[in-house]
Amino acid sequence: MNIKKKIYKELNKIFKYIKINKKYDYKIQQNKKFSDYQINGIIEIIKKQKINKEYIFKIIEEKFKKKKIFKKINIIEPGFINIFINKKEIEKIINKYTKIKNFGIKNKKKQNIVIDYSSPNAAKEMHIGHLRSTILGDSIANILKFLGNKIIRINHIGDWGTQFGMIIAWIKKYEKNKKINNIISIEKIYQKAQKKFSKNKKFAKISRKYVVKLQNKKSNVIKIWKKIIKLTIRENQKIYKKLNIKLKKKNIIGESFYQKFLPNIIKDLLKKKIAKKKNKTVLVFTKNKKKTNAIVIKKKDGGYLYSTTDIASIKYRCKKFNAQKIIYLIDSRQKLYLNQIFSIVKKAKYIPKKTKLIHYNFGTILNKKGKPFKTRKGKNIKLKKIIKKTISVTKKIISNKKKYNKKKIKEISLKVAISAIKYYDLSKNRIKNYIFDINKMLSLKENTGPYMQYAYTRIISILKKNNTNITKSIQFNKFKILNNTEFKICKEIMNLEEIIILSSKGYPHIMCHYLYKITLLFSNFYETNRINKIKNIEIKNSKLKLIAIIAKIIKICLKLLGIQVLNKI
Ligand code: ARG
């Protein structure tokens, strides 16, 4: 259903026919003024290849004319190619493809893709810093899966390290007889232990001993560690469930899992002369744009690090999952770090040549003053807290507007609030920072989640008033283009596949912008086409089908973004 793809295909055939084998960059754009689509950049190819301009234009014209879908082709000097589309053909395509599951969208290239996202640290509650990784990762995973890839979602939790020595030391010393059964008390212990660790040498020494005991799997120490992990996971799972995130317990392969591989990794990297020993520290020097950076992979005291684990995990993921791509959703501050890790595993040949390591970095969430969003004491805001706050604001707005019972209000507020948080994040270009502003997230006048949910319910209610629904109107009604707005909408419908593919490359905001565009077109269309009043049944059904298709697109896209639709608000 992708017109641009059809144009590319046709042009590629022509290039082959006239024996241009090199791949050139040219653009096909939707054109508002002069035609339906425009091809730009052909003139450069003509110059580079030194071919006769008239000759190539004549062939392009001839070949395009042969295809029914292209009505007319105009070539304007010096070399703009304008293409007009045959509306009858568009109608045919739309009537055919919208009946097929997911509109028949599929990607030919099916890969095993590992996505490392969310990945919070244990012994702490999840905070605002985990929001973007969790939301973006989940949605990109959904989109890649939709396109037919095999997706392995991994929650690389920070469940190992010296912090557990401190926490266990504290528990053993001060809380031996107390029952610890929630994450909040563990986090408090962690904070107190951290303070003491930095001030008190004796406590630090004991803590280190506990780290060794943990490494040697001493049963009474392991027991406490397991409990800490269990409580953290239980808490995180609650948040994932609320946010409608697909991470389950089975997706957790945390840092602790890789410990058994680490001694060999160090040995191997030393043997391959990739790592060097300095005093007792093991480090690797990597180069990036002529600058040399060092990264420690084993500490003087023999301890391994975050970096060592990441190296081991890449090797493991390639082998175990036959990963052709490993995607990381980690904030921009770890860009250099990840580049170092990637260059080490490549040098050490821990990954097949074809495997791609990709970092989708993202910006920070800011407060209204444009500063990183923290509590007054400078601590990270808990995720639980901002979710709760957003739900309560949503509840107030909804109860002021609607007369639902308490249960219904609760149910709707949850779905609307979560869509507000998620959509706002996804609709921003991920590289940039953004301001966390609940009122903006909930606005019905901007490109927001609630606005999309609202547009969807509007269409559902129109369909209902006309005794039909999405499936029925798509399956049984016949669609015909009756005016220019409808033709515009059709061209947007034809863009869906391209939008999904572009978004799958780490840019869900492209999908959000598309949704906004198509819902605005719908509003426009609905104002001038009062469907309920139309007498002619064929015309009415055709229009109902068009809006049903729009609703289905909203539903498909929101689902990929990890957002639920409502049938009624
Ligand atoms: N636990 C880390 C943090 O909270 C993020 C881990 C990201 N994934 C990874 N493979 N390094 O900052």
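The values are calculated or read from the model by the stated rules, or taken from the named source; none is laboratory data. What you are looking at is a predicted structure, and each value in this text was computed from that prediction instead of being measured. Virtual Cβ from ideal backbone geometry, glycine too; neighbours counted across all protein chains shown. Keep in mind that these areas ignore ligands, DNA and RNA; they rest on the heavy atoms of the full protein, side chains included. Shrake-Rupley method; radii C 1.70, N 1.55, O 1.52, S 1.80 Å.
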* To do: Could you tell me whether any residue of the stretch 179-196 is touching a residue at least 60 places away in the same chain (Cβ under 8 Å) and open to solvent by 30 Å² or more (accessible area, probe 1.4 Å)?
  => no
* Does the stretch 494-514 include one or more residues that are open to solvent by 10 Å² or more (accessible area, probe 1.4 Å), of a type in the set (Asp, Glu) and under 31 Å from the mean Cα position of the chain (by Cα)? -> yes
* **Spans of strands (runs of 3 or more DSSP E) in the stretch 27-135 with at least 1 residues within 16 Å of the ligand (Cβ to nearest atom)** => 112-116
* To do: From (1) in contact with a helix residue (DSSP H, G or I) (Cβ under 9 Å, 6 or more places away or on another chain); (2) touching a residue at least 12 places away in the same chain (Cβ under 8 Å); (3) within 22 Å of residue 120 (Cα to Cα), pick out the condition that doesn't hold for residue 274.
  => (3)
* Asked: In the stretch 431-470, what count of residues is obtained for those that are assigned to a loop (DSSP other than H, G, I, E, B), within 29 Å of residue 363 (Cα to Cα), open to solvent by 10 Å² or more (accessible area, probe 1.4 Å) and not aromatic (Phe, Trp, Tyr)?
  -> 9
* To do: Please indicate, with yes or no, whether at least one residue in the stretch 375-387 is more than 27 Å from residue 232 (Cα to Cα) and part of a loop (DSSP other than H, G, I, E, B).
  => no
* To do: Select from the stretch 98-154 the residues that are in contact with a Gly (Cβ under 7 Å, 6 or more places away or on another chain) and basic (Lys, Arg) and write down the one among them that is most open to solvent (accessible area, probe 1.4 Å).
  => 106
* Structure fact -> Restricted to the stretch 267-288 and to residues being of a type in the set (Lys, Arg) and outside any helix (DSSP H, G or I), the residue nearest to residue 115 (Cα to Cα) is 287
* **Flag if residue 268 is open to solvent by less than 50 Å² (accessible area, probe 1.4 Å), more than 16 Å from the ligand (Cβ to nearest atom) and within 15 Å of residue 348 (Cβ to Cβ)** => yes
* Please enumerate the residues belonging to the stretch 515-536 that are open to solvent by less than 20 Å² (accessible area, probe 1.4 Å) and either part of a helix (DSSP H, G or I) or modelled with pLDDT of 95 or more (or both). => 515, 518, 519, 522, 525, 531
* Asked: Within the stretch 327-341, can you find the residues that are within 15 Å of the chain's Cα centre (by Cα), near the ligand (Cβ under 8 Å from one of its atoms) and either part of a helix (DSSP H, G or I) or among the β-branched types (Val, Ile, Thr) (or both)?
  -> 330
* Asked: Do we find a residue being open to solvent by 80 Å² or more (accessible area, probe 1.4 Å), farther than 26 Å from residue 501 by Cα and not acidic (Asp, Glu) anywhere in the stretch 79-86?
  -> yes
* Search the stretch 537-562 for residues that are in a helix (DSSP H, G or I) and pair each with any residue that is open to solvent by less than 10 Å² (accessible area, probe 1.4 Å) and among the charged types (D, E, K, R) when their beta-carbon atoms are under 7 Å apart and the residues are at least 6 apart or on different chains. => 546/486; 561/422
* Consider only pairs whose beta carbons are under 8 Å apart and that are at least six residues apart or on different chains; among these, list those whose first residue lies in the stretch 481-505 and is touching a residue at least 24 places away in the same chain (Cβ under 8 Å) and farther than 16 Å from residue 106 by Cβ and whose second residue is open to solvent by less than 10 Å² (accessible area, probe 1.4 Å) and assigned to a loop (DSSP other than H, G, I, E, B). => 493/98
* Structure fact -> Restricting the stretch 537-569 to residues that are in contact with a helix residue (DSSP H, G or I) (Cβ under 6 Å, 6 or more places away or on another chain) and surrounded by fewer than 14 Cβ atoms within 10 Å (Cβ to Cβ), the one farthest from residue 410 (Cα to Cα) turns out to be 567
* To do: Tell me which of these residue 379 doesn't satisfy, since it passes every other one: (1) at pLDDT below 95; (2) within 16 Å of the ligand (Cβ to nearest atom); (3) surrounded by 14 or more Cβ atoms within 10 Å (Cβ to Cβ).
  => (3)
* **Selection from the stretch 230-256 of residues that are touching a His at 6+ places or on another chain (Cβ under 9 Å) and of a type in the set (Asp, Glu)** => 255
* Structure fact -> When restricted to 366, 338, the only residue hydrophobic (A, V, I, L, M, F, W, C) and either touching a Lys or Arg at 6+ places or on another chain (Cβ under 9 Å) or open to solvent by less than 10 Å² (accessible area, probe 1.4 Å) (or both) is 338
* Criterion: modelled with pLDDT of 95 or more, in a helix (DSSP H, G or I) and touching a Pro at 6+ places or on another chain (Cβ under 9 Å) - qualifying residue of 236, 264 -> 236
* Answer from 473, 427 - the residue that is more than 22 Å from residue 508 (Cβ to Cβ), open to solvent by less than 30 Å² (accessible area, probe 1.4 Å), touching a residue at least 24 places away in the same chain (Cβ under 8 Å) and of a type in the set (Gly, Ala, Ser) -> 473
* Structure fact -> Residues of the stretch 267-309 being closer than 17 Å to residue 162 by Cβ and of a type in the set (Asp, Glu), in sequence order, are 301
* Asked: Which of the residues spanning the stretch 317-326 are touching a residue at least 60 places away in the same chain (Cβ under 8 Å) and assigned to a helix (DSSP H, G or I)?
  -> 317, 321
* To do: Identify the single condition in (1) loosely packed, with under 15 Cβ neighbours inside 10 Å; (2) within 39 Å of the chain's Cα centre (by Cα); (3) among the charged types (D, E, K, R) that residue 36 does not satisfy, given that it satisfies every other one.
  => (1)
